[in-house]
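Below is one structure; the comments refer to it alone.
The values are calculated or read from the model by the stated rules, or taken from the named source; none is laboratory data. Everything quoted here is computed from the prediction, not taken from an experiment. When we count neighbours, we look across all protein chains shown, and the Cβ atoms used for this are built from the backbone with ideal geometry, even at glycine.
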Amino acid sequence: MNIGKRERNLKFKEAQISMSILITGGAGFIGSHLAEHLLKRGEKVIVVDNLNDEYAVRFKKRNLQEISRHGRFVFYETDIATRSQLEKILKENAVRCICHLAGSHGIRRSINDPLHCYWSNVLMGTTLIESAAACDVPKLIFASSSAVYGRGEAPFAEADNTDHPNSPFAASKKSIELAMHSAYHTHGLACAGLRFFTVYGERNRPDSTATQLAGAIENGYPIELYGRGNILQDWVYIDDVIDGIARTIDKEFGYEIFNLGSGGPVSMIDIIGCFEHELGRLARRKLLDDEDRRAPDSCWADISQAKDKLGYHPKISVRQGIKKFIGWYKKNR
């Protein structure tokens, strides 16, 4: 490397230190953990969240309090679908990367209210792209989902066909992946999509699978297990996911898609067994065959691309993760 290039790289790195990372949906489960992680490593963090009532707002406010324990951050309570407000935030703060984690979650919710799903995920995502391009933000990382794979054959790799989404939620995530791909080519905006599998851990949403399972076992509610409990899932602990996001922030790329899962399939029967062990109670299991059209296929990630390009290596096993989650759950019912 010649002296001139070395000096330019140093100046760029010095400039990055004074720039911010903006997190949409930063008061949520994944967003709040990411904000904490970035603050701990000395980043300037901007949290944007409209504090909607998709689940109880008190949980999001509690998450903001948890973030504040790790340093000062800037918080905007606003809706990113309003482009003028979003661009005002971007212009007032030197942003080097946007982590777009906001949006509507859940397959069942999207089936019941597809318009809300498309508005939250596609309209807001497109607004974010155009605002980022207009304000010269160099990098955008966005939350996609394993749902885009539909009813395929696991393990799923990033190159697998995703042209057949089977829910509005999956279709919305596929749509925003395509919009980001277009933004890379039309605006030169570096974009990376992260396909999350079943993320769980402390501060899980009250409507998450982990929280619902814990509540059902504690209260003696029956748990329906399709495929008689033998369907395989990819449960990835929040700390491992945050490590994957942080590695993506630090990576130079044009347009990329990465699976962020554990890479190890676990049956629902075994997952229930871990919950039973930590809660000290047996679940009421309702074993069902898989003929029902709602029954999910087995779903786990091929994470070789994230390993090769990001150095991503999940460390926390399902048994360890559920133990940590239940420890938090018992204190925060």
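Does the range 50-66 include one or more residues that are under 23 Å from residue 116 (Cα atoms), without any contact (Cβ under 8 Å) to a residue 60 or more places away in the chain and under 15 Å from the mean Cα position of the chain (by Cα)?
no
Of all residues in the range 222-276, which are crowded, with 19+ Cβ neighbours inside 10 Å, among the hydroxyl-bearing types (Ser, Thr, Tyr) and in contact with a strand residue (DSSP E or B) (Cβ under 6 Å, 6 or more places away or on another chain)?
248, 262
For the range 22-34, check the following and say yes or no: at least one residue is of a type in the set (S, T, N, Q), crowded, with 24+ Cβ neighbours inside 10 Å and either under 25 Å from residue 170 (Cα atoms) or modelled with pLDDT of 95 or more (or both).
Scanning the range 22-34, I find at least one residue that is of a type in the set (S, T, N, Q), crowded, with 24+ Cβ neighbours inside 10 Å and either under 25 Å from residue 170 (Cα atoms) or modelled with pLDDT of 95 or more (or both), so the answer is yes.
Taking the range 56-92, which residues are more than 29 Å from residue 134 (Cα to Cα) and aromatic (Phe, Trp, Tyr)?
59
What strands (runs of 3 or more DSSP E) completely inside the range 114-211 contain at least 2 residues that are within 20 Å of residue 256 (Cα to Cα), within 19 Å of the chain's Cα centre (by Cα) and at pLDDT 95 or above?
On the way: elements: 139-145, 190-196, 198-200.
Where strands (runs of 3 or more DSSP E) fall fully within the range 114-211 and carry at least 2 residues being within 20 Å of residue 256 (Cα to Cα), within 19 Å of the chain's Cα centre (by Cα) and at pLDDT 95 or above, they are 139-145, 190-196.
Scanning for something over 25 Å from residue 215 (Cβ atoms) and touching a Pro at 6+ places or on another chain (Cβ under 9 Å), does the range 266-285 turn up at least one residue?
The first filter runs over the range 266-285 and keeps only residues over 25 Å from residue 215 (Cβ atoms), leaving none.
Looking for residues that are over 25 Å from residue 215 (Cβ atoms) and touching a Pro at 6+ places or on another chain (Cβ under 9 Å), one finds none in the range 266-285, hence no.
List the number of the failed condition for residue 228; all other conditions in (1) farther than 24 Å from residue 37 by Cα; (2) under 18 Å from the mean Cα position of the chain (by Cα); (3) not acidic (Asp, Glu) hold.
So the condition that residue 228 fails would be (2).
Go through (1) small (Gly, Ala, Ser); (2) surrounded by 15 or more Cβ atoms within 10 Å (Cβ to Cβ); (3) within 28 Å of residue 134 (Cβ to Cβ) for residue 106 and report which single condition fails.
Of everything listed in (1) small (Gly, Ala, Ser); (2) surrounded by 15 or more Cβ atoms within 10 Å (Cβ to Cβ); (3) within 28 Å of residue 134 (Cβ to Cβ), residue 106 misses just condition (3).
Which number in (1) at pLDDT 95 or above; (2) assigned to a loop (DSSP other than H, G, I, E, B); (3) in contact with a Phe, Trp or Tyr (Cβ under 9 Å, 6 or more places away or on another chain) marks the one condition that residue 322 misses?
For residue 322, the failing item is (2).
Being modelled with pLDDT of 95 or more, over 20 Å from residue 149 (Cα atoms) and touching a helix residue (DSSP H, G or I) at 6+ places or on another chain (Cβ under 7 Å): is that true of residue 260 here?
Numbers: modelled with pLDDT of 95 or more: yes; over 20 Å from residue 149 (Cα atoms): no; touching a helix residue (DSSP H, G or I) at 6+ places or on another chain (Cβ under 7 Å): yes.
No, not satisfied.
Consider only pairs whose beta carbons are under 6 Å apart and that are at least six residues apart or on different chains; among these, list those whose first residue lies in the range 296-317 and is closer than 23 Å to residue 267 by Cβ and whose second residue is among the hydroxyl-bearing types (Ser, Thr, Tyr) and assigned to a helix (DSSP H, G or I).
Partner pairs satisfying both residue conditions: 299/146.
Just for the range 121-173: of the residues that are under 30 Å from residue 85 (Cβ atoms) and aromatic (Phe, Trp, Tyr), which one is surrounded by the fewest Cβ atoms within 10 Å (Cβ to Cβ)?
In this case the residue turns out to be 142.
Restricting the search to the range 130-141, which residues are within 19 Å of residue 49 (Cβ to Cβ) and in contact with a strand residue (DSSP E or B) (Cβ under 7 Å, 6 or more places away or on another chain)?
Listed by number, the residues that qualify are 132, 137, 140, 141.
Could you list, in sequence order, the residues of the range 96-113 that are modelled with pLDDT of 95 or more and of a type in the set (Lys, Arg)?
96
Could we say that residue 216 is crowded, with 17+ Cβ neighbours inside 10 Å and either in contact with a helix residue (DSSP H, G or I) (Cβ under 7 Å, 6 or more places away or on another chain) or in a strand (DSSP E or B) (or both) here? Lay out the reasoning, then the answer.
Working: crowded, with 17+ Cβ neighbours inside 10 Å: yes; either in contact with a helix residue (DSSP H, G or I) (Cβ under 7 Å, 6 or more places away or on another chain) or in a strand (DSSP E or B) (or both): no.
No; evaluated as a whole, the condition is false for this residue.
Go through (1) among the aliphatic types (A, V, I, L, M); (2) at pLDDT below 95; (3) more than 20 Å from residue 262 (Cβ to Cβ) one by one and return the number of the condition residue 217 breaks.
The single condition residue 217 does not satisfy is (2).
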